[in-house]
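Here is the structure we will look at, set down as structure tokens.
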Amino acid sequence: MKNFLILFLLSFLVFSCADKEEKTGAEISYTKAMKLLKDHDFADAAKTFDDINDEFPFSKWAVKGQVMAIYAYHKDEQFDKVISGCDDFVRLNSASIYVPYALYMKGLTYYNKIPKINRAQDDTRQASLTFRELIARFPDSDYAKDAQEKLPLIDEHLAGANMSVGRYQITNKNYVGALQNFNEVTTRYRLTKQAPEAYFRLYEIYSKIGVTQEAKKSQEYLAELFPDNYWTKLASAKKGLTP
């Protein structure tokens, strides 16, 4: 889907430059950049697209150049420049029809940088925030539809990261930190596959530290929401044991 969306925009921008008028300096630069892109010289293509905005800021090619620079930087895997280019474009061209594309490319860049669950999840959170902004602002765009399809995986990953940290905190008897991580899973990521274990861990910790009422609530939520789950059966087997 993402390749189709990107190529669709690319084709639109290529064909939109064709007319019978004499080419301006900006259009000449745009045509040159497109040739560089076609020849897979992505770094030079990106720079040439960027230069159009600097040299011809009030031409119709300036906006197109900014959009294509984002694409070229993406192809060249210059991810920091993709993100900064998207931010600049949205800030300076808030009414442009290409804003959904810029938001999508920013989110996609963060999405492609998602690390393993035992690493810091800053990029994962940024992917989530950007895709959610895209969906909220442009719900009917094809880009929003593709972003929506990626959100469950992002949420699953973030929930898994919380669970990983929480388990580690249990082994170090950092129960306050563990409770925070498991509570985040049961509230923010309650639709993920991690939720049943999170409720079980809450039940387990509250039982261990003697907070009986909260332990009971966690066990009841687990039984109500996931009646046939492994973690529900495990909590039921442990229920009534002395902390």
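The values are calculated or read from the model by the stated rules, or taken from the named source; none is laboratory data. In this text, all values refer to a predicted model and were calculated from it rather than measured experimentally. No Cβ is skipped: glycine too gets one built from the backbone with ideal geometry, and neighbour counts run over all protein chains shown.
Structure data summary
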| item | result |
| --- | --- |
| Options Gly160, Gly210: the member that is surrounded by fewer than 22 Cβ atoms within 10 Å (Cβ to Cβ), at positive phi and not basic (Lys, Arg) | Gly210 |
| Matching entry among Ala178, Ala159 (being free of Cβ contacts under 8 Å to residues at least 40 places away in the same chain, small (Gly, Ala, Ser), assigned to a helix (DSSP H, G or I) and within 24 Å of Asn112 (Cβ to Cβ)) | Ala159 |
| Members of the range 37-68 that are crowded, with 18+ Cβ neighbours inside 10 Å and either acidic (Asp, Glu) or without any contact (Cβ under 8 Å) to a residue 24 or more places away in the chain (or both) | Thr48, Phe49, Asp50, Asn53 |
| Residue in the range 114-124 that is within 27 Å of Lys38 (Cβ to Cβ) and not aromatic (Phe, Trp, Tyr) present | no |
| Sole residue being charged (D, E, K, R), modelled with pLDDT of 95 or more and more than 28 Å from the chain's Cα centre (by Cα), chosen from Asp19, Asp39 | Asp39 |
| Meets criteria (among the hydrophobic types (A, V, I, L, M, F, W, C) and modelled with pLDDT of 95 or more) for Leu13 | no |
| Odd one out for Ala26, checked against (1) crowded, with 18+ Cβ neighbours inside 10 Å; (2) more than 25 Å from Val99 (Cβ to Cβ); (3) of a type outside the set (Asp, Glu); (4) modelled with pLDDT under 95 | (2) |
| Single condition Ala147 does not satisfy, out of (1) within 29 Å of Glu214 (Cβ to Cβ); (2) in contact with a Phe, Trp or Tyr (Cβ under 8 Å, 6 or more places away or on another chain) | (1) |
| Whichever residue in the range 70-86 is among the hydrophobic types (A, V, I, L, M, F, W, C) and touching a residue at least 24 places away in the same chain (Cβ under 8 Å) and, among such residues, is nearest to Leu36 (Cα to Cα) | Ala72 |
| Members of the range 188-243 found to be farther than 26 Å from Glu156 by Cβ, assigned to a helix (DSSP H, G or I) and β-branched (Val, Ile, Thr), listed by number | Thr212 |
| Residue tally, condition of a type outside the set (A, V, I, L, M, F, W, C), touching a residue at least 12 places away in the same chain (Cβ under 8 Å), assigned to a helix (DSSP H, G or I) and closer than 20 Å to Ala161 by Cβ, over the range 109-137 | 11 |
| Unmet requirement for Lys106, which otherwise passes all of (1) under 15 Å from the mean Cα position of the chain (by Cα); (2) not in a helix (DSSP H, G or I); (3) not aliphatic (A, V, I, L, M) | (2) |
